[in-house]
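Below: one structure, written as structure tokens.
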Amino acid sequence: MSLLEDYPPSLLPENYQTLKERAIDWALANGLIIRPTAEVALPQNVSAIHAPVALFPSLIPREAFEQAVNLQPIFNKLYHNMSLDDAFINSIIREVSKVDDFIKRLYDIYLKTKDNVQPIVFCIHRSDYLLHMDEGDVKPKILQVEFNTIAASFSSLSAQTGKLHKYLMEFTGYFDADARLNAESLPENASWTSLPKGIAKAHELYGSSKAVVMMVVQPGERNAFDQRWIEYNLLQNHKVHLIRKTLAEVSEQASVDPTTGSLTIAGNEISVVYYRAGYSPDDYPTEQQWQARLLIEKSKAIKCPTVAYQLVGTKKAQQEIAKPGMIQRYISDPIQVKKLYASFAELYPLDATPEGEAATKLALEKPERFVMKPQREGGGNNIYTKDIPSTLARLSVSERSSYILMELIKPPPMKNTILREGELISGYMASELGIYGIFIATQDGKVLVNEPAGHLLRTKSADTNEGG
């Protein structure tokens, strides 16, 4: 792919104005919305703004997109098998937990509850990729940024964004300015229905028609509408009720039956606990939230995810599984193994091992090649290029071991126009492709569901390191 100077097309100012007005109204009318920031002087539950979107569909090669979709069931199986390997979890988490209190608290819950077996394992995954091009490359390839095992968001709004682009295409034809902007260029996105379908299947397997699903949410969630569409889809298409609770509310209102292990809250037995919170230390401001997480994990409710799944979703697990010979412990098909390794960027430990010391030296000498990643989800946590040496200088060897070092992925530059809070922002962008996956299995190894579940394409300014 060459530098896409000719995309998106140049339009007349009045055409941009038409697209902007149409996009905003469509978004507001169709639930492509988020809560406004606290600066908006309205009660939170009576106000909303359009979600930030790319005005034009962002480009990604069809071959790369299909490769990512086809990888998802293999990654689903890989991470499931990793989550069942107690020795692997102990080997990667024990040392990290000595210097990372958040990981330590999760690991403590894992150790206390790993023998409390719920026979059904259910997880919603999302594998995120960037296009990568080295100098001299003819075409880009996809490299995995991370694999999410908890709170993979935007499944509803991503599907709505695809519908928005189809509407703009049908209504304006993008003013016939670019032949690439056509209906065939926009893939169908099943994330809108696939995630609720997976939750409904897990609920069915729990085996109680009177039970309800519980979504664990953050207080004051700005992305509530992305979550609400899951709730509405569950009720409309599957006749499954969903309630929303924060971890603090779980602590105050929930109980576990000592005989049956049933989790009950506000008079409702809980079949599936679906976490849209709990991935960040900020979600556990007091001991109350940690006690709620432990209570849920001890219950027989189906957890999405279990603490074990969350632990194998850490960056340390990502770095360890990329080592030669590691995937073969969990995936026997050599063709699948080869495909997984081909999607990995270079990953290194930063611990006291000889490999870790060598990686530290390399990061100090050539920081422009790397990004340092802590064991965190949610964005805003990584350390990039020029900031790496000063960070390494202030960390002890043990503190350093809670990070990994990752090759900096280099997306080919391309242009787009972003619509955010009613304003148009044009410039060079980078797009991160996320593929959702649904995995349901029994503890004894029978796979019930293993499939890709739609996609998310997030576009941000090329000079912004974190989320867009």
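The values are calculated or read from the model by the stated rules, or taken from the named source; none is laboratory data. Remember, predicted model here, so these are calculated numbers, not experimental data. Here the Cβ is made from the backbone with ideal geometry for all residues, glycine too, and neighbour counts use every protein chain on show. Note: areas computed on protein heavy atoms with side chains; ligands, DNA, RNA excluded. Shrake-Rupley method; radii C 1.70, N 1.55, O 1.52, S 1.80 Å.
Brief remarks follow.
- Ellipsoid semi-axes for the chain, based on the Cα gyration tensor and the rule √(5λ), read 34, 30, 21 Å when sorted largest first.
- Over the range 137-201, equivalent-ellipsoid semi-axes from the Cα gyration tensor in Å: 28, 20, 9
- Cβ-based net charge around residue 74, under 12 Å, with every Lys or Arg adding one and every Asp or Glu removing one: +1
- Which of 154, 65 is most accessible, then next, and so on - probe 1.4 Å: 154, 65
- Taken along its three principal axes, the alpha carbon spread of the range 312-468 comes to 51, 43, 25 Å, from the longest extent down to the shortest.
- Here the accessible area is traced with a 1.4 Å probe on the protein chains. For the range 38-141, carbon and sulfur cover 52 percent of it.
- Net charge contributed by nearby residues that have their C-beta within less than 13 Å of residue 402 (K/R +1, D/E -1): +3
- Placing 368, 357 in order of accessible area, with the largest value first and a 1.4 Å probe, yields 368, 357.
- Considering only alpha-carbon pairs that sit under 8 angstrom and 6 or more positions apart, the relative contact order computed for the chain is 25 percent.
- Between residue 357 and residue 114, the distance separating the two model label sites (each 7 Å from Cα on the Cα→Cβ line) works out to 3.0 nm.
- The residues of the chain expose, per residue, 44 Å² of accessible area to a 1.4 Å probe.
- The range 150-281, Rg to Rh (Cα coordinates; Rh as Kirkwood inverse mean 1/r): 1.11
- Rg to Rh quotient for the range 272-346, alpha carbon positions, Kirkwood Rh: 1.11
- An ellipsoid equivalent to the range 375-455, defined through the eigenvalues of its Cα gyration tensor, has semi-axes of 31, 28, 12 Å when rounded to whole angstrom and sorted largest first.
- In the chain, taking the dipole from charged Cβ atoms about the Cα centre, the farthest positive-side position among 280, 205, 462 is held by 205.
- Toward the positive end of the charge dipole of the range 370-464, with +1 on the Cβ of Lys and Arg and -1 on the Cβ of Asp and Glu, the farthest Cα among 443, 397, 414 is that of 397.
- Taking the convex hull of the alpha carbon positions in the range 241-300 and averaging its projected area over all directions gives 4.0 nm².
- Accessible carbon and sulfur surface of the range 418-464 relative to its total accessible area, %, 1.4 Å: 47 percent
- Net charge of neighbours whose Cβ lies under 15 Å from the Cβ of residue 203, counting Lys and Arg as +1 and Asp and Glu as -1: +3
- Largest first, the residues 238, 455 sort by 1.4 Å accessible area into 238, 455.
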